[in-house]
Amino acid sequence: MPELPEVETVRRGLERFVVGHSVHEVVVTGTRSVRRQHPDELVAALRGRQLRAARRWGKYLWIELADNGAPPGAGVQSVLVCHLRMSGQLLKDAPPLRPPPPHTHVRLVLDDGSELRFVDPRTFGELFVTDELDPAGRPGMLARLGPDPLIEGIDACRLGELAAIRRVSLKAFLLDQKVLAGIGNLYADEICFAARLRPSRLASSLRGVEVGRLVAASIDVLSAAVAARGSTLRDARYVDLLGEAGDYQDHHAVYGRAGEPCPRCGRPILRTRLAGRSAHYCARCQR
């Protein structure tokens, strides 16, 4: 599943290649991908609108919409929200257009003849337009999410308070989107390794200095992954807006490396199950 670094990479692609264009036409061929509203409502809400800016919080993307001809300072009235979930992709193709790839469920035809395509083999992802925005212009449903580590930062004191009352594994704690938005299975493992904390530790057992290491590791790992344009695994479900793979998989310390030597001590990386997901760690380096 694309996590914060992958979604941020897609957002930057949208900002570079899509923002500023207008939607000429919308083609919906997969109704599950627009399940929050009737396809005709999505089409009507997008056709003729200008794509103003691309935003992100955690794993959620949204594009601000404006009427054509609206002044640059005009307030945002609605946004196009995208959640990629398990296998969703946003891909841009420019003329001469190639045939849409399999599992293309929505196509936005832009004013320059290019297309923004939503591709999703497993159809867990979704697109929808909403005008329910908070005072900062964010979709209202994001109010239930915790802070985004790379946008809002992490308050170590608040994180420590939350950890102290949670008798769940550290892995489960990091996966809780109400705690920190955007961290999933892959980066939880990498963050735990960088912080030298075993993912099976109870969150409530963390001491102040360990919470500090967890905060620093979260920022460092996520920032490095964004700089490397995310992680593309063997299934290649994640690629950027132009279909290019990321590079951070070449820097994974533990994720997907069970049986391989720990980059710190050389002991084999172990794999177990936590919070219903796989967890990779070094028994010597992580306590």
Counting only strands (runs of 3 or more DSSP E) wholly inside region 1-68, the ones holding at least 2 residues that are among the charged types (D, E, K, R) and closer than 18 Å to residue 128 by Cβ are 49-57
The number of residues in region 133-159 that are open to solvent by 20 Å² or more (accessible area, probe 1.4 Å) and outside any loop (DSSP other than H, G, I, E, B) is 8
Problem - Verdict on residue 256 being surrounded by 13 or more Cβ atoms within 10 Å (Cβ to Cβ) and touching a strand residue (DSSP E or B) at 6+ places or on another chain (Cβ under 8 Å) - result: yes
The residue from 279, 216, 283 that alone is in contact (Cβ under 8 Å) with a residue 12 or more places away in the chain, in a loop (DSSP other than H, G, I, E, B) and at negative phi is 283
In region 187-213, anything touching a residue at least 12 places away in the same chain (Cβ under 8 Å) and not in a helix (DSSP H, G or I) is listed as 195, 196, 197, 198, 199, 200, 201, 202, 206
Checklist entry - Quick one: is residue 178 of a type outside the set (Ser, Thr, Tyr), touching a Phe, Trp or Tyr at 6+ places or on another chain (Cβ under 6 Å) and open to solvent by 10 Å² or more (accessible area, probe 1.4 Å)? => result no
If you go through 65, 110, 97, the only one that is over 24 Å from residue 146 (Cβ atoms), out of contact with any helix residue (DSSP H, G or I) (no Cβ under 8 Å at 6 or more places or on another chain), of a type outside the set (Gly, Ala, Ser) and surrounded by 15 or more Cβ atoms within 10 Å (Cβ to Cβ) is 110
Residue 241 vs. criteria touching a strand residue (DSSP E or B) at 6+ places or on another chain (Cβ under 6 Å), open to solvent by less than 40 Å² (accessible area, probe 1.4 Å) and of a type in the set (A, V, I, L, M, F, W, C): yes
Among residues of region 230-276 being out of contact with any Phe, Trp or Tyr (no Cβ under 9 Å at 6 or more places or on another chain) and not in a loop (DSSP other than H, G, I, E, B), the residue nearest to residue 114 (Cα to Cα) is 248
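The values are calculated or read from the model by the stated rules, or taken from the named source; none is laboratory data. Model, not experiment: these values are computed from the prediction. Glycine gets a Cβ as well: all are built from the backbone with ideal geometry, and neighbour counts include every protein chain shown. The accessibility values were calculated without ligands, DNA or RNA, using every heavy atom of the protein model including side chains. Shrake-Rupley method; radii C 1.70, N 1.55, O 1.52, S 1.80 Å.
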